[in-house]
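**Student:** Please see the structure below; I have some questions.
Just so it is clear, none of the values below were taken in a lab; they were calculated from the coordinates. This structure is a prediction, so every number in the text was calculated from the model and none was measured. Counting neighbours? That spans all protein chains shown, and the Cβs are built from the backbone with ideal geometry, glycine included.
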Ligand SMILES: NC(=O)c1ccc[n+]([C@@H]2O[C@H](COP(=O)([O-])OP(=O)(O)OC[C@H]3O[C@@H](n4cnc5c(N)ncnc54)[C@H](O)[C@@H]3O)[C@@H](O)[C@H]2O)c1
Ligand SMILES: O=C(O)[C@H](O)COP(=O)(O)O
C-alpha cells in the first residue's frame, strides 16, 4: 500500500479519501531536518502553506510521485526541482477563493472602522467611542490589483456595497473587467486614485515589493492597503514607515514576507494597521473544499489516473482530458516504437498531427510522444511532468506539423525520429474510440495493433522470405501471434511486422539479418 505524509493540518475529509488507497501518516510538527529524514518512505506529500518543500526535501523523496498543496499558492514548493524529478505538483485553484475574498472584505471593513482595536479596548473594560470614528467604503474607489478569481469576487461584492472600481491586471481583457464593473487602468493611475488598494496577485519577480516607498508616495493620504495575497509583495519596512509618518491611512495584512511573523515594525503600530496570521483560507468550508480537491487528486495519481489541476503538467479540463486520453496512449506507444526503430541517440522528433487531431490542443500529445520516446532509456524516471525537460536536456529537437486535410482516419499521428543510426517513422490511428492501430512503418502501409513484443524487418518483397523468417523464429522457439507485410509496389521494398509472444533471444537478430533479401531488422518492446 502506498504511503502518504500529511505535514500540515488538513480537514479529516481529506484523510478519509486518502485512506481509501494509502496508509496516511499525519505529522504536523516536523522540523526541516525531520522532514528530510522521513520523506524517503512516502509516495505522496500533502501540505498547506506551513511546510517548505525545498529541493533538499524533493531530492530526499526518492519514492515521491505527487505533492498536493491543499490551497492555491505553491510558492512554498520548489516546483522546478519537483518537475525535474518527475513529481507532480497539484493544488486546489478554487477551493478557498470565497474564503480569501471574504477575508479581504472583512479586513477592509475592520480597517475602516477600527474594529480590532475597539474590540480589544472594550475587552480591557474601556468604553472609548471618540477614538474610533471611521470611514464608509460606500462611494469610495477600490483599486483591485489582480483581477483573477479572488480579485473578481472582491470586486463583485465591493460593487454591491457601492464602491467605484479600478483594476490593474495586464492579463485580463477590457471586456472581463467591464463585466465586473471595473475600469482597467495603469498601475500608477490606480495608486494615485484609489481610496482602498487590494492585492490579489501571485508573488513573482515582477510583483515582489510592488508596494514600496516609491509607489506609496504616489498614493492619496487617505489610502488604505489590503494584502491577503502573498507576503513580499509589500515592502514591510516601507509601509510601516509610511503609516507612522501618516503618508497613508492604513493597512490590513494577512500575509508576510516571513511567516510566522516574528519581530516586525508592523506589530508596533496602532489602529491604522490590522494584522491576521495568514487566515485568508481558514474557513471550515474552504478547508473541506481544498482537502477534498487535493486528496482526490493524490488518490487518483496513486491509482495511475491523471490529476485534474497539476501545476507542472499541461492543464486540461477533465472533459478534454477524457477525450484526449486514447490519443495520449497512441502518442506514447508510437513514441516508444519510433525511438526503438531509430535506435542510437535521437536528434529530432517530428510530430505530425493529422485529420481532427490537427485541430486539437497538441501540447499533451507532444509530451506523451516524448515520454514514449524516452521511456526505453529512462524507464519510470520519465513521465508527463519531466518529459519535455528530459528531451530538451538530451538535445532532441521537437518539430510539430499539422495537416487537417489528411482524413484516412478521423485523427492520426505520424512520428518521425532522426537519430545517429538513421531515420524511421510510424503512423498510428484509433479504431473506434480507443483501439490503437499502427497504420504505417517507414511509410509502408500496414494495419496492426501494437503488441508487447514486436519484430520488424525491412526487406525485398520476394518469394520465400516470410517462410524463412517464420521457420527461424520456430527454431528459436518464438511463437508468432500475427504477421503482416506492407509494400508499395510488388517485388519492391517491403516491411514485415510480426507480433510475437516472447522476447527475442539475443542471438537470433544476427541470423535474421543474414537471411537473403533482409535489409534490416528491429525489435520493439512496448
Ligand atoms: N491569504 C490567503 O490565505 C490566500 C488564500 C488564497 C489565495 N491567496 C493568494 O491570493 C492570490 C490570488 O489568488 P487567485 O486565486 O485570485 O489567483 P488567480 O490566478 O485567479 O489571479 C491572479 C491574477 O493576478 C494577475 N496577475 C499576475 N501577475 C500580475 C501582475 N504583475 N500585475 C497585475 N496582475 C497580475 C493574473 O492575471 C490573475 O488574473 C495568490 O497570490 C494566492 O496565493 C491567499
Ligand atoms: O495559497 C493559499 O491557498 C493560501 O495562502 C492559504 O494557505 P493555507 O492553506 O496555509 O491557509
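**Student:** Find the relative contact order for segment 197-243 and round it to a whole percent, using C-alpha pairs within less than 8 Å whose residues are 6+ positions apart.
**Tutor:** Values: 50 pairs, mean separation 25.9, N = 47.
Across segment 197-243, relative contact order equals 55 percent.
**Student:** Also, I was wondering about something else. Give the order of 156, 198 when sorted by the count of other beta carbons within 10 angstrom, beginning with the fewest. Spell out each step's value before the answer.
**Tutor:** Numbers: 156 15, 198 28.
With the sparsest Cβ surroundings first, the list reads 156, 198.
**Student:** How high is the relative contact order of segment 97-275, in percent, counting Cα pairs under 8 Å that sit 6 or more residues apart? Write out the running numbers ahead of the final one.
**Tutor:** Details: 326 pairs, mean separation 37.3, N = 179.
Relative contact order for segment 97-275 comes out at 21 percent.
**Student:** Take the alpha carbon atoms of segment 176-292, find their radius of gyration, then divide it by 2.2 N^0.38 Å using N residues; give the quotient. Write down the numbers at each step before the final one.
**Tutor:** On the way: Rg = 15.0 Å, N = 117, 2.2 N^0.38 = 13.4 Å.
This ratio for segment 176-292 stands at 1.12.
**Student:** If you stretched the chain out fully between residue 264 and residue 54, how much longer would it get, using 0.36 nm times the residue separation minus the C-alpha to C-alpha distance? Don't jump to the answer; show the numbers that get you there.
**Tutor:** Details: separation 210, 0.36 × 210 = 75.60 nm, distance 2.52 nm.
Stretched fully, the residue 264-residue 54 segment lengthens by 73.1 nm.
**Student:** Using 1/(1 + (r/R0)^6) with R0 = 51 angstrom and r between the beta carbons of residue 208 and residue 405, what's the FRET efficiency to the nearest 0.05? Kindly include the intermediate steps, with their values, before the conclusion.
**Tutor:** On the way: r = 49 Å, r/R0 = 0.96.
So the FRET efficiency works out to roughly 0.55.
**Student:** If I model a spin label at residue 509 and residue 393 as a point 7 Å from the Cα along the Cα→Cβ vector, what separation in nanometres do I get?
**Tutor:** Once both label points are built, they end up 2.6 nm from each other.
**Student:** Let me check I have the definition right: for segment 386-526, take the eigenvalues of the Cα gyration tensor, multiply each by 5, take square roots. What are those semi-axes in whole Å, largest first?
**Tutor:** Numbers: eigenvalues 151, 71, 51 Å².
Square roots of five times the eigenvalues give 27, 19, 16 Å.
**Student:** Next question, about the same structure. Please order 288, 24 by the number of other Cβ within 10 Å, starting at the fewest. Display every interim value, and only then the final one.
**Tutor:** Values: 288 16, 24 21.
Fewest-to-most Cβ neighbours within 10 Å comes out as 288, 24.
**Student:** Here is a further query. For the chain, what does the helix formula give at 222 nm: sum of -39500 (n - 2.57) over DSSP H segments with n ≥ 4, over the residue count, nearest 500 deg cm²/dmol? Could you put the intermediate results ahead of the total?
**Tutor:** Details: 17 runs with 177 residues, N = 526.
Taking each H run of at least 4 residues, the total per residue is -10000 deg cm²/dmol.
**Student:** With axes computed from alpha carbons, what is the tilt in degrees of helix 465-475 against the longest principal axis of the chain, rounded to the nearest 10 within 0 to 90?
**Tutor:** 80
**Student:** Still on this model: In nm, to one decimal, how far is the modelled label at residue 161 from the one at residue 183, with both set 7 Å along Cα→Cβ?
**Tutor:** Here the answer is 2.1 nm between the modelled labels.
**Student:** With an 8 Å cut-off on Cα pairs and a minimum separation of 6 or more residues, tell me the relative contact order of the chain in percent. Each step should come with its number before you reach the end.
**Tutor:** Values: 1103 pairs, mean separation 59.6, N = 526.
For the chain, the relative contact order is 11 percent.
**Student:** Considering just Cα atoms, how many Å³ per residue does the convex hull of segment 211-349 enclose? Could you put the intermediate results ahead of the total?
**Tutor:** Details: hull volume 31.6 nm³, N = 139.
Here the figure is 227 Å³ per residue.
**Student:** Next question. Under 1.5 on a/c is rounded, so check that first for segment 97-275, then, if it is not, pick prolate when a/b is larger than b/c and oblate when it is not; a ≥ b ≥ c are the square roots of the alpha carbon gyration tensor eigenvalues.
**Tutor:** In terms of gyration-tensor shape, prolate.
**Student:** Can you bin every Cα-Cα distance in the chain into 10 Å intervals starting at zero and give me the percent of pairs per bin, rounded to whole numbers?
**Tutor:** 4, 16, 20, 19, 16, 11, 7, 5, 2, 1, 0
**Student:** Listing 500, 150, 115 from the residue with the fewest other Cβ atoms within 10 Å to the one with the most, what is the order? Please report the intermediate quantities before stating the final value.
**Tutor:** Values: 500 19, 150 28, 115 16.
If I rank by nearby Cβ atoms, fewest first, I get 115, 500, 150.
**Student:** Quick one: length gained pulling residue 12 to residue 279 fully straight, 0.36 nm per residue minus the C-alpha distance?
**Tutor:** Details: separation 267, 0.36 × 267 = 96.12 nm, distance 1.89 nm.
Extra length available between residue 12 and residue 279 comes to 94.2 nm.
**Student:** Continuing with the same structure: Could you check the simple spin-label distance between residue 490 and residue 218, using points 7 Å along Cα→Cβ, in nm with one decimal?
**Tutor:** 8.0
**Student:** Find the Cα radius of gyration of segment 315-450, compare it with 2.2 N^0.38 Å by division, and give the number to two decimals.
**Tutor:** On the way: Rg = 13.7 Å, N = 136, 2.2 N^0.38 = 14.2 Å.
Rounded to two decimals, the normalised Rg is 0.96.
**Student:** With every atom except the alpha carbons ignored, what do you get for Rg and Dmax of segment 478-526, in angstroms?
**Tutor:** According to the Cα coordinates of segment 478-526, Rg and Dmax are 11.8, 32 Å.
**Student:** Something else about it: If only Cα atoms are counted, what is the Rg of segment 411-462, and what is its Dmax, in Å?
**Tutor:** That works out to 12.2, 37 Å for Rg and Dmax.
**Student:** Hey, what's the per residue convex hull volume over the C-alpha atoms of segment 420-492, in cubic angstrom?
**Tutor:** Details: hull volume 9.3 nm³, N = 73.
Looking at segment 420-492, the number lands at 128 Å³ per residue.
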